[in-house]
Amino acid sequence: MYRELSEEIQAHLDEKVEELVAEGMPREEAKRAARRQFGNVPLIEEKSRDVWAWPSVEDLFADVRFGLRALSHSRVFTAVALLTIAIGIAANAAVFSVVNSVLLKPLNYPNAEQLVALHQVAPGAEGLADFENGLLLSPSMYVTYSDHNQTFQSLGVWTTGTANVTGMAEPEQVRTVAVSDGVFQTLGVPPAVGRWFSQIDQEPNGPSRVMLSYGYWERRFGGDRTVIGRNIVVDSQSREIVGVMPQGFRFVDSDFDLTTPLAFNRGKLILAGFGFHGIARLKPGATIAEANADLSRMLPIWMDSWSNGPGSNPHIYETWKITPMIQSLKQQVIGNIGELLWVVMGTIGVVMLIACANVTNLWLVRVEARQQELAVRTALGAGRARIVRGLLVESVMLGIMGGLVGVGLAYAGVRFLVAVGPSNLPRLNEISIDGRTLAFTFVLSVLAGLLFGLIPALKYAAPRTASALQSAGRTISVSRERHRARNLLVIGQVAMALVLLMCAGLMIRTFGALRKVDPGFADPEHLQIMRISIPGSLIAGSELVMRTQNAILDKLAAINGVKSAGFISEMPMEGFDSDWDQIYAEDRVYADNAIPPLRLYKHISPGLLQAAGTKLVAGREMTWSEVYGLQPVVMVSENLAREMWGTPAAAIGKRLREYPKMPWHEVVGVIQDVRENGLQEKAPETVYWPALMENAFGPGPAEATRTATFVIRSDRAGTESFLNEIHTAVWSVNSNLPLASVRTMQEVYDKSVARTSFTVVMLGIAGTMALTLGIIGIYGVMSYTVSQRNREIGIRLALGAQGGDVLQMVLRQGTKLALLGVAIGVGAAFGLTRLMTNLLYGVSAHDPLTFVVVAALLILVAVLACYIPARRATLVDPIIALRYE
């Protein structure tokens, strides 16, 4: 359009020239006359363009072109500023991708906002809160809720477990999820191949069916779609494969290999059996509050419809004060990880602010050096708004370029976070950089550009034309006012760095405190553990199961380098569901309408304490003769002994039982407290039953612990040759027994502190970045100050000042900035560290030692950062410094 306008104007001029020439005027004179008559051509073109287009847009493009030229002419400044801002943006983008994937994105189910977890608590059930997060559902609860609810479209229950798959190469123990009718309908995710379980599959004594996970299907069957209809042997039982779930599908927060149907026999259900996770889909318009009220309405129906057997009081559970506390399924999945991630996100955000402060200081110096240019532009008619806009366009362009570089760095950062992230971090496999992360990065880049460009733009765009032109080319001492902005930025950097270092210091102290906690087992790096399950379809008799397990222990003990071996239903911190029940003491009286406190219980073999390195506080360990002789003996934890009888020694000889009709068991030993749920959680009161005992789960013959963790103490733990010998030893007893969860206790121990170590790493990185950027800021400001005060320093030296005086003067100025920043930072940290209380262990949020050490460290490093510029100031030659004036 511009070209056509110029051509049209030229055509008018040519036509007028021809007219004048035809009238007898010489051509050159005709051209001049035509132009005089037409007017100012460039002005007319400009006015025409103003009518056609948006002048502000054209001006913006002009500012962009000018800004790119300006940045290309200052390559060192551009590179330093670009790298600084890119690192800050990359760190924020990487952490945001974690926050987005874990906390913000909906779960990968259709209409996931309708999905809820049927969570409930029982504040009246003493002891339950020590080792369980809420009260799970019993089968009779599920049936009652399914039949009588008014707020759910569908609901179901599920539970995790393991199973042995045989008949395909080596035997393998796989992860299983058993699901009731309604679970797949609630989740709404269709299978990739085949179908869901049908109603017939969920009936007692119905056909034996199984579904596969996508990963197991590809690993075992190579993704063969003809696998549907084939049979596999699961726990020595043939099951028909009916479906394969799609890639990435998980049951809430659980990975799995196989899915089996739960077939409840309604005629045999009782009130108890609280071991199933519940999931439901709300009806359109229904709320969680309405669903909670609906479950509360059904609790009396549940107690009226079922019992725990003849003579039992079904309403005894009223003393538990069962209260529905339904959560969104997303909240159930992410748990309390949100607090940790927001703390990490906040600290990385502070690093971004420090990076912006650093670039702002650089920008102040750069714009100050361009005062003559800005003054000339002002003298030629540029208004303050135009100057500010031009400077902001330049800074925003730098921010966007930093964002582009930052995205590339963020991809590497995400891989790093996934690698160092705790394995129990929810949705870890979903973390990625998506469109939302890219949008966040772009917005952050623009905001960063505005942030570090705004102060210099407003400060130096003021009309100072005369003074700027007069001072052009002269070196003058810079006034205190011109240093104020840079000093304030440095003070802010130091304050923010101190806050981050304080947070990192508290987490380091927490990590150290956790490492000092006795977990209840010794030398975990020398403990080899593995899970072995013996299903009833493989070995029916309980005593034969026990003799098989005993034979395995004998074979393991014979391996070179093995010091001792034993087994337990599950080792602490392994992550398997805990067993718990009421526990009666013979010397205590219990009311008829009350349930005794609930306690964690485990089944152990003789030799387990020696193998695990768990201390025997009082009494003795149970013996194999007592186990095979079904002698009524039991062991208890130290905290349970102290709670019931005052001292561990007093517990020896006392008697316990699990339910009223169970024979009394004599306490023969007291075991040290074991941290069952992690080092930061208190050890639960625990009862240790024999691995083979009568009336284990109600009146009946002897029952053995069919799934157990075998514990082997050896200096060879974890080595490949040792693991090969373990496999050989187990399969020499029974070749159909797979080994699962083969690892050292050091791996389990490290996993228990994984979230803390992840926080330490992230805050440590943030603190290091903040400290580095803060020190660079101090160094940069002091270096620039010294360079601008060369004339003043030269005069001082010429008048007799000593080098030490100059050194002291510059150090005093830098130290003053650091002290002010530390003082402000301590005040801010005192308030902000309280937000970390739930993440700390063994240290308070206002730990004096941490505050003092971090503040002293920061002051020391700041003084060192000031020393080089201060030292350089003492070397100023007065003659050279004054010559330029």
State which residue is surrounded by the most Cβ atoms within 10 Å (Cβ to Cβ) when the search covers only the range 1-16 and only residues that are assigned to a helix (DSSP H, G or I) and under 60 Å from the mean Cα position of the chain (by Cα).
-> 2
Is there a residue in the range 423-438 that is open to solvent by less than 10 Å² (accessible area, probe 1.4 Å), more than 27 Å from residue 785 (Cα to Cα) and in a helix (DSSP H, G or I)?
-> yes
Among the helices (runs of 4 or more DSSP H) confined wholly to the range 781-885, which include 1 or more residues that are open to solvent by 70 Å² or more (accessible area, probe 1.4 Å) and among the β-branched types (Val, Ile, Thr)?
-> 803-832, 848-874, 878-883
Matching option when the condition is touching a Phe, Trp or Tyr at 6+ places or on another chain (Cβ under 8 Å) and either of a type in the set (A, V, I, L, M, F, W, C) or under 20 Å from residue 731 (Cβ atoms) (or both), among 506, 527, 544, 500 | 527
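One line per residue, one yes/no per condition, for (1) modelled with pLDDT of 80 or more; (2) not assigned by TED's automatic domain parsing to the domain that holds residue 843:
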site	(1), (2)
416	yes, yes
422	no, yes
436	yes, yes
454	yes, yes
464	no, yes
484	no, no
493	yes, no
505	yes, no
For the range 502-546, enumerate the residues that are open to solvent by 60 Å² or more (accessible area, probe 1.4 Å) and under 15 Å from residue 744 (Cα atoms).
-> 523, 525
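Yes or no, residue by residue, for (1) on the phi > 0 side of the Ramachandran plot; (2) out of contact with any Phe, Trp or Tyr (no Cβ under 8 Å at 6 or more places or on another chain); (3) surrounded by 19 or more Cβ atoms within 10 Å (Cβ to Cβ):
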| position | (1), (2), (3) |
| --- | --- |
| 695 | yes, yes, yes |
| 699 | no, yes, no |
| 703 | no, no, no |
| 714 | no, no, yes |
| 719 | no, yes, no |
| 726 | no, yes, yes |
| 732 | no, yes, no |
Just give me the residues in the range 145-174 being among the aliphatic types (A, V, I, L, M) and in contact with a Gly (Cβ under 6 Å, 6 or more places away or on another chain), in sequence order.
-> 155, 157
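Let's see how each residue does on (1) crowded, with 20+ Cβ neighbours inside 10 Å; (2) in contact with a Pro (Cβ under 9 Å, 6 or more places away or on another chain); (3) of a type in the set (S, T, N, Q); (4) outside the structural domain of residue 392 (by TED's automatic domain parsing):
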residue	(1), (2), (3), (4)
72	no, no, yes, no
77	no, no, no, no
91	yes, no, no, no
135	yes, no, no, yes
156	yes, no, no, yes
161	no, no, no, yes
From the list 358, 313, 308, which one is open to solvent by less than 40 Å² (accessible area, probe 1.4 Å) and in contact (Cβ under 8 Å) with a residue 24 or more places away in the chain?
-> 358
With respect to residue 219, determine if the residue is in a strand (DSSP E or B), out of contact with any Pro (no Cβ under 8 Å at 6 or more places or on another chain) and open to solvent by 60 Å² or more (accessible area, probe 1.4 Å).
-> no
Residue list for the range 226-247, restricted to those being touching a Phe, Trp or Tyr at 6+ places or on another chain (Cβ under 9 Å), open to solvent by 60 Å² or more (accessible area, probe 1.4 Å) and in contact (Cβ under 8 Å) with a residue 12 or more places away in the chain | 247
Can you find a residue in the range 444-458 that is free of Cβ contacts under 8 Å to residues at least 12 places away in the same chain and not in a loop (DSSP other than H, G, I, E, B)?
-> no
For the range 734-759, name all the residues that are open to solvent by 40 Å² or more (accessible area, probe 1.4 Å) and within 26 Å of residue 165 (Cβ to Cβ).
-> 735, 736, 741, 742, 743, 747, 751
Look through the range 248-258, keep the residues that are in a strand (DSSP E or B) and modelled with pLDDT under 95, and return whichever of them is surrounded by the most Cβ atoms within 10 Å (Cβ to Cβ).
-> 251
May I ask you to list the residues in the range 553-571 that are surrounded by fewer than 24 Cβ atoms within 10 Å (Cβ to Cβ), under 19 Å from residue 606 (Cα atoms) and in contact with a strand residue (DSSP E or B) (Cβ under 8 Å, 6 or more places away or on another chain)?
-> 557, 559, 562, 563, 564, 569, 570
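Can you tell which of 340, 364 is buried (at least 18 other Cβ atoms within 10 Å of the Cβ), closer than 24 Å to residue 768 by Cβ and touching a Lys or Arg at 6+ places or on another chain (Cβ under 8 Å)?
After ruling out the rest, the residue left standing is 340.
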Of all residues in the range 168-206, count the ones that are part of a helix (DSSP H, G or I) and either over 35 Å from the mean Cα position of the chain (by Cα) or not assigned by TED's automatic domain parsing to the domain that holds residue 264 (or both).
-> 3
Any residue in the range 137-154 that is at pLDDT below 95 and farther than 18 Å from residue 280 by Cα?
-> no
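The values are calculated or read from the model by the stated rules, or taken from the named source; none is laboratory data. Note that this is a predicted model, so its numbers are computed, not measured. Methodologically, a virtual Cβ is constructed for each residue, glycine included, from the backbone with ideal geometry; neighbour enumeration extends over all protein chains shown. The protein model used for the area step is the full one, side chains on, heavy atoms only, and it has no ligands, DNA or RNA in it. Shrake-Rupley method; radii C 1.70, N 1.55, O 1.52, S 1.80 Å.
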